[in-house]
Ligand SMILES: Cc1ncc(COP(=O)(O)O)c(C=O)c1O
């Protein structure tokens, strides 16, 4: 029997508009070029692997298997492992019902996009902002408005001007040691941002994976806690908080959480059921085992190491870079942000940098609506002092030649 030729299906056209709106992460593409072993890469934003608490994770895994047996490997509730949720809730001073465990905060951002953004909704984002959030929100087809930022984070006067004329659905912000700039939103601006967004009926997503990694300066209250103070009730808080164990403990367990008011939480749980039923039971149990003693030690260790690496990189930048290059001074987190004179294109310069065996991430992909061609991001977390010295020197040479 001969088969008749199969009818052609236009597979490209079969993709949903949602899927067609997705882009490959510009950064992932760039990282492929920079991963050659001879290249000193300040491009990746990976936590330092030599600081991972491997023995502690091994011991916790054994304890969990001994204690819970097959339940550690069984399906479990969508909301999350109760002891972990309860611990997180106690830290924030809220009921466990307002805490949802997520498979990485990236999942939290995706599911928040799913339950909050209708096509055409206005989403306010920092210029620049975390690229992964743009990637998560993009399939829900928002309309972005960029908020200007400076060394104190979002310019709240500019925010007020935007809110006066633009009905917005939500504001997404990374107030602590932002990815990509390393900047921190000042305490006064936090209060004003929470007041303004409440006044104009705009939800806030506070994305805070780095907040615990402060190595200098005074901590500022979270937007979430200010929202709680403002409304006096976690179920009326217009600020949604997202954080993660990725940067404090390890990223590979993919354990993170969202704190939100009941009406949002109900939908988040339903969305998560559809996405993955629940975050891996075993991983949540391991993290719950580590939060009491290992996590605080680990935070201290990471903070100290990143603080030293940041100080050293800043010292070298100051010594080796031409004076026209402006740079942020992070109080924590993993990143430095450089602004070169207008007209210098850091994406175009990258191949020359890789030739000199040093890599960075060009800044433009971090802008929702484009711009920032003269900016770039450096990560200091996984480089040795010798690599920082050599790499920053090579980059300084390159920049001097380009100006
Ligand atoms: C600002 C920000 N949010 C969220 C994430 C995602 O982290 P995870 O999914 O590992 O919790 C990252 C990772 O780099 C980040 O920088």
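Remark: the residue 73-residue 236 segment gains 55.1 nm on full extension, using 0.36 nm per residue and subtracting the alpha carbon distance. Ordering 32, 267 from the fewest to the most neighbouring beta carbons within 10 Å gives 32, 267. Packing-based ranking of 341-349, 235-243 yields 235-243, 341-349, ordered from highest to lowest mean Cβ neighbour count within 10 Å. DSSP bridge analysis restricted to the chain gives an antiparallel fraction near 50%, rounded to the nearest 5. With R₀ set to 22 Å, the beta-carbon distance separating residue 315 from residue 38 gives a calculated FRET efficiency near 0.35. The mean sequence separation of alpha-carbon pairs under 8 Å and at least six residues apart, normalised by the residue count of the chain, gives a relative contact order of 23 percent.
For the peptides 97-109, 312-324, the ranking by packing is 97-109, 312-324, with the highest mean count of neighbouring Cβ atoms within 10 Å listed first.
A full extension of the chain between residue 293 and residue 161 corresponds to an added length of 42.9 nm, given 0.36 nm per residue minus the alpha carbon distance.
Of all DSSP beta bridges confined to the range 177-271, the antiparallel ones make up roughly 50%. Residues of the range 85-106 falling in the label zone of residue 273, defined by backbone nitrogen less than 18 Å from a point 7 Å along Cα to beta-carbon, are 97-103.
From least to most packed, judged by other beta carbons within 10 angstrom and beginning with the fewest, 134, 112 follow the order 134, 112.
In terms of packing, defined here as the mean over residues of other Cβ atoms within 10 angstrom, the peptides 367-375, 295-303, 6-14 line up highest first as 367-375, 295-303, 6-14. If R0 is 30 Å, the Cβ-Cβ spacing of residue 58 and residue 97 corresponds to a FRET efficiency of close to 0.35.
Of all DSSP-defined beta bridges confined to the range 71-292, some 40% are antiparallel rather than parallel.
Residues 244, 225 in ascending order of nearby Cβ atoms (within 10 Å, fewest first): 225, 244.
A crude spin-label estimate for the pair residue 218 and residue 304, with each label 7 Å from Cα along the Cβ direction, gives 2.6 nm.
None of the figures in this text is laboratory data; all of them are computed from the coordinates on show. Predicted, not measured: the structure shown is a model, and the values here were computed from it. Methodologically, a virtual Cβ is constructed for each residue, glycine included, from the backbone with ideal geometry; neighbour enumeration extends over all protein chains shown.
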